[in-house]
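**Student:** Before we start, here is the structure in question, set down as structure tokens.
Bear in mind that the values in this text are calculations on the coordinates, not laboratory data. Everything numeric in this text was worked out from a predicted model, so none of it was measured. Positions of Cβ are backbone-derived with ideal geometry, glycine not excepted, and every protein chain shown enters the neighbour counts.
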Amino acid sequence: MRQRAWSVCCSGPESRYPQGRYPLLQPTGAGETIFIYEFATVEWLWDQGSIRVNMPRGKERMFPGSYDELVTVLSDLGGQGWDVATCAATGNWLFWTLRRQR
């Protein structure tokens, strides 16, 4: 099985990348596919019923909601090609980082 060699490619001025999209990984060998991701975040303060979604290019949306509404928001984003990259939680707060391959 052939293994691929990758290098992290996230340094340099932001203006190098169109529309706020940053390459996450770039192949080192010829003929390989370049993976480009865009990122978004979802934040839920469950005791306050507050859901905040931050999308690429500065788009932010706020929703009132409990568990059912949060599941709907995450499902809608999943239907648009977003997947959960990370999740952090403490106290009354949950924070997801989402990514979508472009």
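**Student:** Take the residues of the stretch 66-82 that are free of Cβ contacts under 8 Å to residues at least 24 places away in the same chain and assigned to a loop (DSSP other than H, G, I, E, B): which is farthest from the chain's Cα centre (by Cα)?
**Tutor:** 66
**Student:** Restricting to the stretch 56-66, and then to whatever is loosely packed, with under 10 Cβ neighbours inside 10 Å and of a type outside the set (D, E, K, R), can you tell me which residue is farthest from residue 36 (Cα to Cα)?
**Tutor:** Result: 64.
**Student:** How about the stretch 51-65: which of its residues are closer than 20 Å to residue 94 by Cα and under 19 Å from the mean Cα position of the chain (by Cα)?
**Tutor:** Result: 51, 52, 53, 54, 55, 56, 59, 60, 61, 62, 63.
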